[in-house]
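Encoded as structure tokens, the structure appears first; notes follow it.
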Amino acid sequence: MNHVPAALTKKPRLVVIGNGMAGMRTVEEILGRAPDKYEITVFGAEPRVNYNRIMLSPLLSGEKEFDDIVINTHEWYQENRIHLFSGDPVIKIDRDRKVVVSKSGSETAYDQLLLATGSDPIIIPVPGYKLSGVVTFRDVDDVDIMLKVAENGGPAVVIGGGLLGLEAAVGLQARGMTVTVLHLAGHVMERQLDPSAGYLLAQELGRRGIDVITEADTAEIIGTECVTGVRLKDGRMIPADLVVMAVGIRPNGRLGADAGLTVERGIVVDDVMTTSDPDVFAVGECVQHRGQCYGLVAPLFEMAKSCADHLAEIQTDGYAGSVTSTKLKVTGVDVFSAGDFSGGGETEEIVFRDAGRGVYKRIVLEDGKIKGAVLYGDTSDGGWYFQLIKDGQDVTELRDTLAFGQAFAGGAAGNPLDAVAALPDDAEICGCNGICKGTIVSAITEKGLTTLDEVKGHTKASASCGSCSGLVENLLAATLGGDYEVAAVKPICTCTDHDHDSVRRLIKAKDMKSMPAVMQELEWKSSDGCHICRPALNYYLLAAWPNEYADHGASRFINERVHANIQKDGTYSVVPRMWGGLTNPRELRAIADVADKFEIPTVKVTGGQRIDLLGVKKEDLPGVWADLNAAGMVSGHAYGKSLRTVKTCVGQEWCRFGTQMSLSMGVELEKMTWGSWMPHKFKMAVSGCPRNCAEATIKDFGIIATDGGWDLHVGGNGGIHLRGTELLCKVTTGDEVKEYCGAFIQLYREEARYLERTAPWIERIGLKHVQERVVDDAQNRVALFNRFIESQKTAQIDPWAERASKAVDAHEFKSLSLVAAE
Amino acid sequence: MTHIVNWVNVGPIANIPRQGARTLQTETDRIAIFKTLDDQVFALLDRCPHKDGPLAQGIVHGHFVTCPLHNMVFSLETGEAQGLDDGCAAKVEIRLIDGSVHVGLTAEQIGLRHAG
């Protein structure tokens, strides 16, 4: 049977396959241009009228009903004399006979054919993906299933933390389910957001009770008939009564491909949406235009216009591709991104962070034009940026105030002094302490304040988080005129205005426990830091939250990442620990065997009384370590900002002059302190008498035995700036030596700046500062010592054994190889 | 520039650590393949123009890598040394196809010294 017999009409017959947004928008556009030009027939796979698919999220969350999201009612189809066949999808196109065949077997002839078959959700074929309760998030049927399961509450898992997945998660949570989002990438919405905005979003979701697990690789969906949970590749199990797969979409070009049209990722079209057959057109998510496939609604509408122009025989420039922008449709969460914000190359970035308001803006510029933008927390200027991107407008003139949005553009000059001068007296400067401009200015003038510290002291402005210190300094400068010179704060690096000390203090004060948290809260100016700030932050976080913070290998220098010292030729050196400089035949044999087996070219005795194997190939490291481990040896941390060696003399054990057991003291101290990460390398020595054969007076912590006990020395250095130690104090028992040693190390760990040895640290703060805390205040000493011992609980794990036998970081030691051709 | 005779598949992007790198040994040299925080991949010859430093061992930040030997910073996109340093690390063609990393190798690199 033919639905539309050709004999009944003289008009050309336009058949549309796909009753979705792209197809119907094109029909609307055609009707708007040439209402009577075509006899239109529409086939839809879903048994209903056309609805707004991007409103599925509000439908799920309950903010909208189905009727609210219907675009075209049955009446509309009738009024426009469109034949609608919903629920009867086309299964075949016969281009020779110019007919389409539907599932029910009917044939419909066309003169012009429009494909708007959309896209399919990607289904990851993990075991269990066909279980009942596993759905995608693509149409109203999916939503119906989700709503039915959600009636009973219970746990739900959303696989995919992209736009759609997060909307599904929020919707299910609104319906009373406990939702966990599993996301493969390192942060949510990684295609639309950079890591900083992703961090803020994950935090907001967390506050709403949605658990986000990143770098979560799904191994299996568990259940016998209905889903009961999801197992990750790392073994974690997450219970679930419902699993929503929202990992992406794939253009649906099957019909086109079967009919012999050119289909790559999508159905290939030109600028007026013509496929490789001049009578067949395609629009929407199923097409590939100039190499691009789109999954957002705005490009579809632009395609619809060009296609309609062409079909209505109106002169058109055609579709030129789209710059896209996205917005998360979750009430109360403002996220916006547009254009290309990946950065790099010739681009520059302007980053604006306001930690107090949870605002993050990043604008990527190239050749004076905006290329992309990411906004979080305040998206009111999203449309403006998007327009500037689309227009390709030169924004050089606006650059200084660009981050503040349209309201500032072309207004007040970019000079920060003029900007603060222009603020009203009641403008809040310090959000933490609620201090207004007027209060600060009158304090400056009435009390004759001239420095930032004085302002902090008198007004408390910038005395908490310090984010406003720049503003306060500008106020000082604006108020005092030429009399004020900005104090020299030495920032860690160009990524931040904060110095080491304020970062350390704020990590504790603001309870920041991850690197993205620090970078956001302290308004970092780059997206993921650099080789200077990242290792410092990693250390500060590790020192602040010893048994909690997960070490970030990618932020460590190579030596600490692979637990060996890189050499000039890219080989490594390996130094096993020799406790207190003691070794034995078994260890020496093992070292000799290793050197033979792995053809290690150089074996050298180090200044720290141990043996260095030089010239080890990176891929051999795990094998070398395995053999050394087998002989009972562990990493000597000769590569680390950590405890290196405890050098000893032979002491009372052997020496005729020895006054104390320096060998055993050295061994005990090394056993207590090894594995501890520090701001810089840390060396110790124990001499058994004042002849000081172990050269303890150029060590970070040096111990010299006397008749009556032990002299404890600190802050020595034998490097570029030779510096003898200063005497910290004298103690009598071995236990005291250990307690003072642990307390001193902990003070150094907590107070010194990253890459600051004890010598410059003590010169900076003064020996007295150390003595007050470690010697004079017994209670504080014990507290420091206890914190050190506590942090050692998780520090004393041999990193070599973990890599030699437990395959930790296996990717470090193996090159990539070619995948066999398919 | 030498021309590429062969695109080789070196496996899924997931095998390269984020903010990190892996290496690929060819017949003539070693290639460093980087993955940045935004999951983009880049490739350079694994030796810096300054002292042949193994760039794959450096810290990756933004679209840059810091050489492990002397802390020179190179753009992953262009290979150019940043800041006041001069020099350019050799770029290697790379692309992602369906989540797999493909590297463009020359005849010499794949051991076809006498080919074509």
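Computed from the coordinates by the stated procedures, all read-outs in this text should not be read as laboratory data. Since we're looking at a predicted model, the values are computed, not measured. Every residue, glycine among them, receives a Cβ derived from its backbone with ideal geometry; neighbour counts consider all protein chains shown.
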| query | Between A:TRP654 and A:ASP367, what is the label-to-label distance in nm when each label sits 7 Å out along the Cα-to-Cβ direction? | reply | 7.4
| A:LYS681: which lysines have alpha carbons under 16 Å from its alpha carbon, excluding same-chain residues fewer than 8 sequence positions away? | A:LYS641, A:LYS647, A:LYS699
| task | Round to a whole angstrom and tell me the spacing of the C-alpha centers of region A:283-318 and region A:558-629. | result | 64
| What lysines sit close enough to A:LYS437 to cross-link, taking a C-alpha to C-alpha distance under 22 Å and skipping anything fewer than 8 places away on the same chain? | A:LYS447, A:LYS456, A:LYS460
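Computed from the mean reciprocal separation of all distinct C-alpha pairs, what Kirkwood hydrodynamic radius does region A:334-408 have, in Å? Mind dumping the intermediate values first?
Values: mean 1/r = 0.0827 Å⁻¹.
Mean inverse Cα-Cα distance, inverted, gives 12.1 Å.
Can you show me the helix-derived [θ] at 222 nm for chain A, built from DSSP H runs with n ≥ 4 at -39,500 (n - 2.57) apiece and divided by the number of residues, rounded to the nearest 500.
On the way: 27 runs with 259 residues, N = 822.
The helix contribution divided over chain A gives -9000 deg cm²/dmol.
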| remark: Place a point 7 Å from the Cα of A:GLU790 in the direction of its beta carbon; the residues of region A:494-511 whose amide N falls under 15 Å from it are A:508-509
| remark: One finds the C-alpha centres of region A:214-257 and region A:767-783 to be spaced, in Å, by 56
| request: Give the dimensionless ratio obtained when the Cα radius of gyration of region B:25-98 is divided by 2.2 N^0.38 Å. | output: 1.02
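Could you calculate the contour length gain from A:ALA422 to A:LEU232, that is, 0.36 nm times the residue separation minus the distance between their Cα atoms, to one decimal place in nm?
Details: separation 190, 0.36 × 190 = 68.40 nm, distance 5.58 nm.
Between A:ALA422 and A:LEU232, full extension yields 62.8 nm more.
Could you work out the Rg to Rh ratio of the protein assembly as shown, with Rh taken as the Kirkwood radius (inverse of the mean 1/r over all Cα pairs)? Don't skip to the end; give the middle numbers.
Numbers: Rg = 33.5 Å, Rh = 32.2 Å.
Ratio value, two decimals: 1.04.
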| Hey, what do the phi angles of region A:566-580 turn into as Karplus ³J(HN,Hα) couplings, whole Hz, using 6.51/-1.76/1.60 and θ = phi - 60°, x for Gly and Pro? | 6, 10, 4, 9, x, 7, 10, 10, 10, 10, x, 6, 10, 4, x
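Within a 10 angstrom radius of each residue's Cβ in B:40-49, how many Cβ atoms of other chains show up on average? Whole number is fine.
Numbers: counts 3, 0, 1, 0, 0, 0, 2, 1, 0, 0.
Going residue by residue through B:40-49 and averaging, the value is 1.
Can you compute the charge dipole magnitude of region A:134-247 about its Cα centre, using +1 on each Lys and Arg Cβ and -1 on each Asp and Glu Cβ, nothing else charged? Give it in debye, rounded to the nearest 20.
Values: 9 positive and 16 negative charges, 48 e Å.
Computed about the Cα centre, the dipole is about 220 debye.
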| task | Return the loop-located trypsin sites (Lys or Arg not before Pro) in region A:772-819 (DSSP other than H, G, I, E, B) with at most 10 other Cβ atoms within 10 Å of their own Cβ; answer none if there are none. | result | A:LYS793, A:LYS806
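How big is region A:702-822 by the Kirkwood estimate over distinct Cα pairs, in Å? Don't jump to the answer; show the numbers that get you there.
Values: mean 1/r = 0.0582 Å⁻¹.
Evaluated on region A:702-822, it is 17.2 Å.
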| remark: Any GluC sites (Glu not before Pro) in region A:148-199 that lie in a DSSP loop and have at most 16 other Cβ atoms within 10 Å would be A:GLU151
| note | Computed from the beta carbon distance with a Förster radius of 22 Å, FRET efficiency for A:ALA783 and A:ALA550 to the nearest 0.05 stands at 0.30
| note | Sequence order, region B:91-108: Karplus ³J(HN,Hα) from phi using 6.51 cos²θ - 1.76 cosθ + 1.60, θ = phi - 60°, Hz rounded, Gly and Pro as x, gives 7, 10, 5, 8, 8, 9, 10, 6, x, 9, 8, 10, 10, x, 10, 8, 4, 4
| Selection from B:GLN109, A:GLY632, A:SER57, by position along the positive dipole direction of the protein assembly as shown (Cβ) | A:GLY632
| remark: Residues whose built amide H sits under 5 Å from the amide H of A:LEU242, excluding neighbours closer than 5 in sequence, are A:VAL157
| task | Run down the lysines and flag those whose C-alpha is under 16 Å from the C-alpha of A:LYS103, throwing out any fewer than 8 positions away in its chain. | result | A:LYS92
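With only Lys, Arg, Asp and Glu charged, each at its Cβ (+1 for the first two, -1 for the last two), find how big the charge dipole of region A:334-408 is about the Cα centre; round to the nearest 20 debye. Write out the running numbers ahead of the final one.
Working: 8 positive and 14 negative charges, 52 e Å.
The calculated dipole for region A:334-408 is roughly 260 debye.
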| task | Rank by packing, highest mean first: peptides A:448-460, A:378-390, with packing defined as the count of other Cβ atoms within 10 Å averaged across residues. | result | A:378-390, A:448-460
| Where in region A:498-578 are there trypsin sites (Lys or Arg not before Pro) that are in a DSSP coil and have at most 13 other Cβ atoms within 10 angstrom of their Cβ? | A:LYS568
| query | Give me the Kirkwood hydrodynamic radius of region A:1-116 in Å, from all C-alpha pairs, to one decimal place? | reply | 14.8
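Just counting partner chain Cβ atoms within 10 Å, what average do the residues of peptide B:59-70 show around their Cβ? Could you put the intermediate results ahead of the total?
Values: counts 12, 5, 12, 10, 6, 4, 1, 6, 2, 7, 6, 1.
What the average comes to for B:59-70 is 6.
Let me know the shape class of region A:560-610, please: from the alpha-carbon gyration tensor, a ≥ b ≥ c as square roots of the eigenvalues, rounded when a/c is under 1.5, otherwise prolate if a/b is greater than b/c, or oblate. Before the final figure, lay out the partial values.
Values: a/c = 2.02, a/b = 1.30, b/c = 1.55.
Oblate, because a/c is 1.5 or more while a/b does not exceed b/c.
Rounded to the nearest 20 Debye, what is the dipole magnitude of chain A about its Cα centre when Lys and Arg each give +1 and Asp and Glu each give -1 at the C-beta? All intermediate terms of the calculation are to be shown ahead of the outcome.
Working: 87 positive and 111 negative charges, 485 e Å.
Here the size comes out at about 2320 debye.
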| Charge-dipole axis of region A:234-339 as Lys and Arg at +1 and Asp and Glu at -1 on Cβ define it, positive-most pick from A:VAL330, A:ALA320, A:PHE281 | A:VAL330
| request: Between the alpha-carbon centers of region A:683-710 and region B:56-116, tell me the distance in whole angstrom. | output: 50
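Does region A:500-555 come out rounded, prolate or oblate, given a ≥ b ≥ c as the square roots of the eigenvalues of its C-alpha gyration tensor, rounded meaning a/c under 1.5 and, failing that, prolate meaning a/b above b/c? Walk me through the intermediate numbers first.
Details: a/c = 1.59, a/b = 1.12, b/c = 1.43.
Oblate shape, in that a/c is at least 1.5 and b/c is the bigger or equal ratio.
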| said: Using the Karplus curve 6.51 cos²θ - 1.76 cosθ + 1.60 with θ = phi - 60°, what ³J(HN,Hα) values do you get for each residue of region A:105-116, in whole Hz, with x for Gly and Pro? | reply: x, 6, 10, 10, 7, 9, 9, 10, 10, 10, 9, 9
| request: Obtain the nm distance between the two label points defined at A:SER106 and A:ALA509 by a simple spin-label model: each point lies 7 Å from its Cα along the Cα-to-C-beta direction. | output: 7.3
| Space enclosed by the convex hull of the alpha-carbon atoms of region A:90-157, per residue, Å³ | 140
| query | Across the residues of B:9-19, average count of Cβ atoms on other protein chains within 10 Å? | reply | 4
| request: Mind running the shape call on region A:628-738? Use the C-alpha gyration tensor, a ≥ b ≥ c as the square roots of the eigenvalues: rounded below 1.5 for a/c, prolate if a/b tops b/c, oblate otherwise. | output: oblate
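Report the local net charge at A:PRO127: Lys and Arg +1, Asp and Glu -1, summed over other residues whose C-beta lies under 11 Å from its C-beta.
Working: positive: A:LYS130, A:ARG231; negative: A:GLU220.
Cβ neighbours under 11 Å give a net charge of +1.
Could you sort A:84-94, A:312-322 so that the peptide with the highest average Cβ count within 10 Å comes first and the rest follow in order? Please report the intermediate quantities before stating the final value.
Details: A:84-94: 17.6, A:312-322: 13.5.
So the order, starting with the most tightly packed, is A:84-94, A:312-322.
Peptides A:127-135, A:741-749, B:93-101: what's the order by average Cβ count within 10 Å, highest mean first?
Values: A:127-135: 17.0, A:741-749: 25.0, B:93-101: 13.9.
Ranking, from highest mean packing down: A:741-749, A:127-135, B:93-101.
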